[in-house]
Amino acid sequence: MRKRASEFFESLSVAELARETHRQLWLSDWLRVAEDYWTSAEFARASGSDRIAREAWMCSLTAFEVARTLSCPGDLAASDLADKVGLSLRSFSDEADPAIERVEIDGFDGAALTGYFLPALRGGPSASTVICIADENIPLASMMSRLLPASLRRKMSLLLVDAEHSPAPRLLKPQHIIQCWMDYLDARPDVDSQRIAIYGEGTGARHASRLALLDRRIAAAVCDGGLVTSVMRRASVRWMTGVGQSVHDASPADSSMPPRRIACPLLVVVGDRSMVREQEALELQAGYRRAGADCSVVVPNRIAYPRGEVDNFIAVDDFIVEWLDGKLGAGHRLDPVTYL
């Protein structure tokens, strides 16, 4: 199913995607595929075929995520997509082996924090672990349905958290909430505390950068490199001082480079996952290389059309997991700049 989905995205053209009838047809087709696999999974579970049920649920989750990627606000076919993904995930987690653990820890001021821990399927008594921070605009279930299949063949555990929608006090910064999760992982015997990485998507990419700057326990980070915060700060200063400066007038050294450098290896994913543009990411990577530091950039093949942008999330997720594998000591090293 992942191969089929990846090939579908690679075959998309801007002209076809711009035709609303084509997009609606693809959306309906992928929803039908997802629901067919969901039905097959329920039938297999009722028949006692647990392995087949788990595989069918995984296929269903992948097809649902393709549909979510193709959907736009107002699509009738995708109106209850989030509920379907959530129900499919709950069904899968009931049968998963090892189980998806729903974890609850004490945060600040007694506020409980909730996350989902996916133990590594292979490896020794303790495994490398990645804290995954969801984008505030995308359900955590959607992130889980994508990363779970991508990580199944790896020797790493995943901890998925939502730093934005937390019951913790409003004045508390998201990076401090995530530090609570770092302390939790430190205490787990099945986690190698020397190999904890962080991965943020969308707004989560900023939080991942801040934590990587704040906490030296982070061994690798997939984040925005501090670029978005730096650009926003500069724009705010220009607005308050009334001093205008175009991007073209700014020197490469001060146009977008953050004032502080992240100590651990980092990967910047160009596009919506980090809200960072390609040129900004390449300038950041060049600055890190001049300093002898480890910074990589991946540029997904994005298809822009009148109602948004689509990328091959299968290829991007696989690359991110492979990069993390390499930095955490379990996989091979990748090129500093990669175009998918």
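The values are calculated or read from the model by the stated rules, or taken from the named source; none is laboratory data. Given the structure is predicted, the values throughout are model-derived calculations rather than measurements. All Cβ positions, glycine included, derive from the backbone under ideal geometry; neighbour counts span all protein chains shown. These area figures cover heavy atoms from the full protein model, side chains too; ligands, DNA and RNA do not enter into them. Shrake-Rupley method; radii C 1.70, N 1.55, O 1.52, S 1.80 Å.
Odds and ends about this structure:
- Selection status of S274, part of a loop (DSSP other than H, G, I, E, B) and modelled with pLDDT of 90 or more: yes
- Restricting the stretch 187-209 to residues that are open to solvent by 30 Å² or more (accessible area, probe 1.4 Å) and not hydroxyl-bearing (S, T, Y), the residue that is nearest to W323 (Cα to Cα) is R195.
- Unmet criterion (only one of (1) modelled with pLDDT of 90 or more; (2) over 21 Å from D325 (Cα atoms); (3) open to solvent by less than 10 Å² (accessible area, probe 1.4 Å)) for S230: (1)
- Filter result for G74 (open to solvent by less than 70 Å² (accessible area, probe 1.4 Å) and on the phi > 0 side of the Ramachandran plot): no
- Search result, residues across the stretch 170-209 that are β-branched (V, I, T) and not in a helix (DSSP H, G or I): V191, I196, I198
- Exactly one residue among S60, S40 is crowded, with 21+ Cβ neighbours inside 10 Å and either at pLDDT 90 or above or within 23 Å of A315 (Cα to Cα) (or both), and that residue is S60.
- Identity of the residue in the stretch 4-19, open to solvent by 60 Å² or more (accessible area, probe 1.4 Å) and either in contact (Cβ under 8 Å) with a residue 24 or more places away in the chain or outside any helix (DSSP H, G or I) (or both), that ends up nearest to I303 (Cα to Cα): V14
- Given (1) at pLDDT below 85; (2) open to solvent by 60 Å² or more (accessible area, probe 1.4 Å); (3) not in a helix (DSSP H, G or I), index of the condition R102 fails: (1)
- Selected residue [open to solvent by less than 10 Å² (accessible area, probe 1.4 Å) and at pLDDT 60 or above] from A212, A219: A212
- Candidates R153, R146, filtered to the one that is modelled with pLDDT of 70 or more, under 19 Å from the mean Cα position of the chain (by Cα) and under 23 Å from I52 (Cβ atoms): R146
- Failed item, numbered, when P336 is tested on (1) modelled with pLDDT under 95; (2) buried (at least 17 other Cβ atoms within 10 Å of the Cβ): (2)
- Meets criteria (aliphatic (A, V, I, L, M), at pLDDT 90 or above and closer than 25 Å to H332 by Cβ) for V161: no
- Of residues in the stretch 302-333 being within 24 Å of L152 (Cα to Cα) and in a loop (DSSP other than H, G, I, E, B), the one most open to solvent (accessible area, probe 1.4 Å): R333
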